[in-house]
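Engineer: The structure under discussion is supplied below as structure tokens; questions concerning it will follow.
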Amino acid sequence: MEINITINERITDLRTMSGLSQKELCKKIDVPTSTLSRIERGEITNVSNDILIKLANFYNVSTDYLLGLTNVKFKKNVELSELGLSNKALYTLLSGNANVSLLSRIIEHPRFVTLLDT
């Protein structure tokens, strides 16, 4: 996904990937269907903070992701303990002494999980 995708396209992508209709999503986040429809069509480009926060919370993504400031969907504030890494591993990652790009490619590889089982 490229960083120049509009907020309108990101919202539409999240909704369609979740399999929800506009009406279903609007019911869940308490937003008028007409408003979401206008956002997705690009008629509303300045989405209100209230709607932006509701969408970010519902989809568990950052508002920065919705706004197109980052391609990282996940909220940044994650408890390090939730990652399940040792203190030494965390220190290595946070200190910049690891090639995180390479680690990301290894973890994202489709066979990564199966290789761990061997």
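Engineer: Which pairs turn up if I take residues in the range 34-57 that are over 11 Å from Ile11 (Cβ atoms) and without any contact (Cβ under 8 Å) to a residue 60 or more places away in the chain and look for partners that are of a type in the set (Ser, Thr, Tyr) and outside any loop (DSSP other than H, G, I, E, B) with beta carbon separation below 7 Å, at least 6 apart in sequence or on another chain?
Structural biologist: Cβ pairs passing all conditions: Ile53/Thr63.
Engineer: Next question, about the same structure. In the range 58-71, how many are free of Cβ contacts under 8 Å to residues at least 60 places away in the same chain, under 16 Å from Ile5 (Cα atoms) and of a type in the set (Ser, Thr, Tyr)?
Structural biologist: 3
Engineer: Among the residues of the range 25-35, which ones are exposed (fewer than 13 other Cβ atoms within 10 Å of the Cβ) and more than 19 Å from the chain's Cα centre (by Cα)?
Structural biologist: Pass one, the range 25-35, residues exposed (fewer than 13 other Cβ atoms within 10 Å of the Cβ): 27-28, 30, 32, 34.
Scanning the range 25-35 gives Lys27, Asp30, Pro32, Ser34.
Engineer: So which of Leu94, Leu20, Leu14 is outside any loop (DSSP other than H, G, I, E, B) and surrounded by 14 or more Cβ atoms within 10 Å (Cβ to Cβ)?
Structural biologist: It is Leu14.
Engineer: Against the condition without any contact (Cβ under 8 Å) to a residue 40 or more places away in the chain and polar (S, T, N, Q), how does Asn8 come out, does it pass?
Structural biologist: Answer is yes for this residue.
Engineer: Right, here's the next one. Step by step: first the residues of the range 1-11, then only those that are in a helix (DSSP H, G or I) and out of contact with any Leu (no Cβ under 9 Å at 6 or more places or on another chain), then the one that is surrounded by the most Cβ atoms within 10 Å (Cβ to Cβ). Which residue is that?
Structural biologist: Asn8
Engineer: Using beta carbons and a limit of 7 Å, which pairs, at least six apart or on different chains, have the first residue in the range 101-118 and among the charged types (D, E, K, R) and the second one open to solvent by 100 Å² or more (accessible area, probe 1.4 Å)?
Structural biologist: No pair meets every condition.
Quick grid of which residues meet (1) in contact with a helix residue (DSSP H, G or I) (Cβ under 7 Å, 6 or more places away or on another chain); (2) not in a helix (DSSP H, G or I):
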residue	(1), (2)
Ile44	yes, yes
Val47	yes, yes
Asp50	no, no
Leu55	yes, no
Ser81	no, no
Ala98	yes, yes
Arg105	no, no
Thr114	no, no
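Engineer: So in the range 36-90, with the set limited to residues that are under 24 Å from Gln22 (Cβ atoms) and either touching a His at 6+ places or on another chain (Cβ under 9 Å) or of a type in the set (Phe, Trp, Tyr) (or both), which one is surrounded by the fewest Cβ atoms within 10 Å (Cβ to Cβ)?
Structural biologist: Phe58
Engineer: Name, by its number, the condition in (1) under 23 Å from Arg15 (Cβ atoms); (2) open to solvent by 70 Å² or more (accessible area, probe 1.4 Å) that does not hold for Asn99.
Structural biologist: In the conditions (1) under 23 Å from Arg15 (Cβ atoms); (2) open to solvent by 70 Å² or more (accessible area, probe 1.4 Å), Asn99 misses (1) alone.
The values are calculated or read from the model by the stated rules, or taken from the named source; none is laboratory data. This is a predicted model, so every value here is computed, not measured. Cβ sites come from the backbone with ideal geometry, for glycine too, and all protein chains shown count toward neighbours. Surface areas here come from the heavy atoms of the whole protein model, side chains and all, with no ligands, DNA or RNA. Shrake-Rupley method; radii C 1.70, N 1.55, O 1.52, S 1.80 Å.
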